[in-house]
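Reviewing the structure listed below.
The values are calculated or read from the model by the stated rules, or taken from the named source; none is laboratory data. Keep in mind that what you see is a predicted model, and the values were worked out from it rather than measured. Note: ideal-geometry Cβ built from the backbone for every residue, glycine included; neighbour counts use all protein chains shown. These accessible areas exclude ligands, DNA and RNA; they are computed on the full protein's heavy atoms, side chains included. Shrake-Rupley method; radii C 1.70, N 1.55, O 1.52, S 1.80 Å.
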Amino acid sequence: MSHPAAAHRPPAAGASARPRPSSRPSSRTRRAPPPPRAPKGWALAGLALGLLAALVFFAPAQWLAGTLAQASGQQLVLAQARGTVWSGSAQLVLSGGAQSQDRAALPGRVQWQLRPRWWGLSLQLQADCCTSSPLRLALAPRWSGARVLVRDGQSQWPAQVLSGLGTPWNTLQPQGRLALQTQGLSLDWTQGRLQLAGQLQLDALGMSSRLSTLRPMGSYRLLLAGSSASAPSLTLQTLEGHLLLSGSGQWVGARLHFTGEASAAPDYEAQLSNLLNIIGRRSGPRSVISLG
């Protein structure tokens, strides 16, 4: 019969004991790293760039309308604007300003195409009523200024739309045709100074006014010309008619200094008297025009 203590006898010296199984993994065993995740920062940056590109290229035409109205003091308004900033159409409305009740809309709609270039922007304009071919301009920003290049072109506009600009046009209520022609025209603004090259010719044809029963009163030419060696000049002359207009002036800095006169042809003084009182300061049979 065995002794009870024999069951608890320790193993003999030199004998190897069996290791007990452990439920914990060995410190030498490492878990596999999790799969790499795409950085959230890059994803958000990509989303932001996509939204920014969409915002730039699909910006609504109303944004351009708001910018033009603010820059012009509410005198040029693009009403019912459609499309985008880059390609759209609207009805052009001339106004006397933010507080004015005077407004006149150009017949039909005006279409535009605005394209970014490495040197600036190119602009193409076409009006249903007034342009047989698109008018093209190029805008190039300069250090402390800008340059505008106007491609040679021709267009005709209704004079009555000028009534929307308020005083004195709302009193004159002009009627007739305005034929606009440009040749080699460029305008440079540098530190508030205007430099002009080429010429812009505006012919006011078959003009009349509500202040006179004489219809038409005449046709007139306004010529704006300049070169790199001289200040821009402005001349006014009568092409035909019973209301005689003439004058000349120059831009000094950003201001126009102009002096001219208006008079009636013999036997037409009575029919043009009211108009002569409005055009300028009466001096006998003449009306003196002075700007700047």
Here is a check on your reading of the model: is L256 touching a Gly at 6+ places or on another chain (Cβ under 6 Å), within 15 Å of L200 (Cβ to Cβ), at pLDDT 95 or above and part of a strand (DSSP E or B)?
no
As an exercise: evaluate L272 against (1) more than 36 Å from the chain's Cα centre (by Cα); (2) in a loop (DSSP other than H, G, I, E, B); (3) of a type in the set (A, V, I, L, M) and give the number of the one condition it does not meet.
(2)
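Considering only residues that are in contact with a helix residue (DSSP H, G or I) (Cβ under 8 Å, 6 or more places away or on another chain) and open to solvent by less than 30 Å² (accessible area, probe 1.4 Å), which ones fall in the range 97-111?
Selection gives A104, L106.
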Which one is most open to solvent (accessible area, probe 1.4 Å) among residues in the range 162-178 that are of a type outside the set (S, T, N, Q) and in contact with a Ser or Thr (Cβ under 8 Å, 6 or more places away or on another chain)?
W169
Do you know which of the residues in the range 57-96 that are of a type in the set (G, A, S) and part of a helix (DSSP H, G or I) is most open to solvent (accessible area, probe 1.4 Å)?
A71
May I ask you to verify whether P35 is over 26 Å from L162 (Cα atoms) and either modelled with pLDDT under 85 or in a helix (DSSP H, G or I) (or both)?
yes
Among residues belonging to the range 193-238 that are of a type in the set (S, T, N, Q) and not in a strand (DSSP E or B), point out the one that is modelled with the lowest pLDDT.
S228
Quick test for you: out of G120, G145, pick the one residue that is touching a Pro at 6+ places or on another chain (Cβ under 7 Å) and open to solvent by less than 30 Å² (accessible area, probe 1.4 Å).
G120
Residue check for A225: in contact with a Lys or Arg (Cβ under 9 Å, 6 or more places away or on another chain), within 22 Å of Q201 (Cα to Cα) and among the aliphatic types (A, V, I, L, M):
no
What are the residues in the range 233-292 that are over 26 Å from T213 (Cα atoms), touching a residue at least 40 places away in the same chain (Cβ under 8 Å) and of a type in the set (G, A, S), if any?
G249, G253, A254, G292
Counting only residues that are among the hydrophobic types (A, V, I, L, M, F, W, C) and not in a strand (DSSP E or B), how many does the range 97-150 have?
7
Residues in the range 151-162: is at least one in contact with a Gly (Cβ under 7 Å, 6 or more places away or on another chain) and part of a strand (DSSP E or B)?
no
Looking at the range 184-203, is at least one residue in contact with a Pro (Cβ under 8 Å, 6 or more places away or on another chain), open to solvent by less than 30 Å² (accessible area, probe 1.4 Å) and closer than 27 Å to L137 by Cβ?
yes
Among the listed residues A140, A159, A127, identify the single one that is over 29 Å from A231 (Cα atoms), surrounded by 14 or more Cβ atoms within 10 Å (Cβ to Cβ) and in contact with a Lys or Arg (Cβ under 8 Å, 6 or more places away or on another chain).
A127
Based on this model, can you work out whether G249 counts as of a type in the set (G, A, S) and either over 17 Å from L194 (Cβ atoms) or in contact with a Lys or Arg (Cβ under 9 Å, 6 or more places away or on another chain) (or both)?
no
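Collect the residues in the range 239-253 that are assigned to a strand (DSSP E or B) and of a type in the set (G, A, S), keeping them in residue-number order.
Hits for the range 239-253 are G241, S246, G247, S248, G249.
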